[in-house]
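Written below as structure tokens is the structure these notes are about.
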Amino acid sequence: MSTTILAIESSCDETAAAVVTDGRTIKSNVIYSQIDLHKLYGGVVPEIASRKHVEKINDVIQEALEQAETTLDDIDAIAVTYGPGLVGALLVGVSAAKSIAYAKNKPLVGVNHIEGHIAANYIEHEDLKPPFMCMVASGGHSHLVYVKSYTEFEIVGKTRDDAAGEAFDKIARAIDLGYPGGPKIDKLAKEGNPEAFNFPRAYMPDAPYDFSFSGLKSAVLNHLNSCEMKNIEINKADIAASFQQAVVDVLTDNTINAAKAYGCDKIALAGGVASNSSLKENMALKAEKNNLMFYHPSPIYCTDNAAMIGVAGYHDFITGERAGWDLNAVPNLKIGERAF
Ligand code: KG4
Ligand code: ZN
């Protein structure tokens, strides 16, 4: 017998719902992106995000059910992101999920957003099974995670300051590329020389799998300031390429080293930054050199979506996890933590 999950995601600026069967088959994946609204402000405005989620969530859920050619009666459980994320944004999805689960008398499962990003890898790779080492790099989070099983995780390394995506967004803003910066830097970097500038790579001897992007960010900003003061024309493509290479070097080296230390034969990427073309190319090369299998989701499953929540929710559901009617948003929920 198959298990069909209705999944809901509203942790940041995407209002999303999906119908997922048996943790691998995506019947529908509807995403309403608010990016155009937040672009005007150069980043996500939490209050605006919450209001837009309230406006859109019912339509998005309805659309996900219709595209999957199903109804709430045929759904086995409702899975919803309850953290980490923006509290007001999370509460919209949590409230919608609770209402449906209560009205239809269906089980409710609370899903960790980062565990969702990791689970996105299972959608297109049937051969991928834990254990493996996963680099989760998104706008709000950067973690190196040892995935012990579908529902057990160990944080091996994390960022000391900015998340990788945040660094992309800040540098993009500094060179007037707009928001979100990741995809724009990715595109412009293709026209630049990644060796034009030797921006710093932070490797921390006391915590070899942690990373830090503040020194890199300052170095790029200092370079821009000094060019401006000396009236030197800046080459945005070279800056984008050199900055990106510095981020990619650290993310790939740390992932490979951690995989070897933990005896993994598989590595994976997750989160918005996982759609970065240079990161994927460099990781593929280093993985091959080190005899590691390398997995990453398609771009549509890298950035925020509800399909990944349906996959993670399925594994939580079959291990017996159930949220109560008191399920709340937990903005700083940790990987592997359960707050219900
Ligand atoms: O996972 P995500 O959609 O949201 C969070 O959970 O934070 O990630 C969004 C982040 C943004 O910072 C965006 O700039 C970055 O992912 N991103 C990229 C690329 N596409 C999205 N960063 C680098 N290269 C890309 N191609
Ligand atoms: Zn995310």
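Computed from the coordinates by the stated procedures, all read-outs in this text should not be read as laboratory data. Note that this is a predicted model, so its numbers are computed, not measured. Neighbour counts run over all protein chains shown; Cβ positions are idealised from the backbone, glycine included.
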Final fewest-first order of S242, S50, S142 on the 10 Å Cβ neighbour count is S50, S242, S142
Cα gyration tensor of the chain diagonalised, 5x eigenvalues square-rooted, in angstrom largest first, produces semi-axes 35, 23, 16
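Run through the DSSP bridge list for segment 130-296 and note the antiparallel percent, rounded to the nearest 5. Write down the numbers at each step before the final one.
Details: 12 of 20 bridges.
Counting DSSP beta bridges with both partners in segment 130-296, the antiparallel share is about 60 percent.
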So what's the Cα pair-distance distribution over segment 180-243, bin width 5 Å, in %? 4, 17, 20, 24, 19, 9, 5, 2, 0
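Just how large is the dipole of the chain about the Cα centre, in debye to the nearest 20, putting +1 at every Lys and Arg Cβ and -1 at every Asp and Glu Cβ?
Working: 30 positive and 43 negative charges, 93 e Å.
Taking the Cα centre of the chain as origin, the dipole is about 440 debye.
Using the Kirkwood formula over every pair of different C-alpha atoms, what hydrodynamic radius in Å results for segment 282-340?
Working: mean 1/r = 0.0682 Å⁻¹.
After inverting the pairwise mean of 1/r, the radius is 14.7 Å.
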For H53, H296, ascending order of other Cβ atoms within 10 Å (fewest first) is H296, H53
Of K56/K98; K184/K289; K148/K260; K98/K129; K158/K260, pairs whose Cα-Cα distance is over 19 Å: K184/K289; K98/K129
On the principal axes of its Cα set, how long, how wide and how thick is segment 241-286? Give whole Å, largest value first. 32, 17, 16
Relative to the present Cα-Cα distance, how much length would full extension add between S226 and Y262 at 0.36 nm per residue of separation? 8.6 nm
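What do you get for trypsin sites (Lys or Arg not before Pro) in segment 268-340 restricted to DSSP loop and a cutoff of at most 16 other Cβ within 10 Å of the site's Cβ?
Values: sites: K280, K286, K289, R322, K334, R338; in loops: R322, K334, R338.
Hits after loop and neighbour filter: R322, K334, R338.
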Sort largest first and round to whole Å: the equivalent ellipsoid semi-axes of segment 94-219, each the square root of five times a Cα gyration tensor eigenvalue. 33, 20, 15
Stick to the Cα atoms of segment 56-100, pair each with every other, and give me the Kirkwood hydrodynamic radius in Å at one decimal. 11.4
Normalising by the residue count of the chain, find the relative contact order in percent from Cα pairs under 8 Å and 6+ residues apart. 25
Once the dipole of the chain is set up from charges on Cβ (+1 Lys and Arg, -1 Asp and Glu), the residue from the list A120, V94, P183 lying farthest towards its positive end is P183
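Å³ per residue of the Cα convex hull, for segment 14-164? Could the numbers behind the result be given before it?
On the way: hull volume 18.4 nm³, N = 151.
Taking only Cα atoms, segment 14-164 has a hull volume of 122 Å³ per residue.
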Selection from A103, T252, V54 lying farthest towards where the dipole of the chain points positive, charges on Cβ: T252
Quick check on segment 130-296: what does the Kirkwood estimate of hydrodynamic radius come out to from the alpha carbon pairs, in Å? 16.1
Output the antiparallel fraction of DSSP beta bridges having both residues in the chain, as a percent to the nearest 5. 60
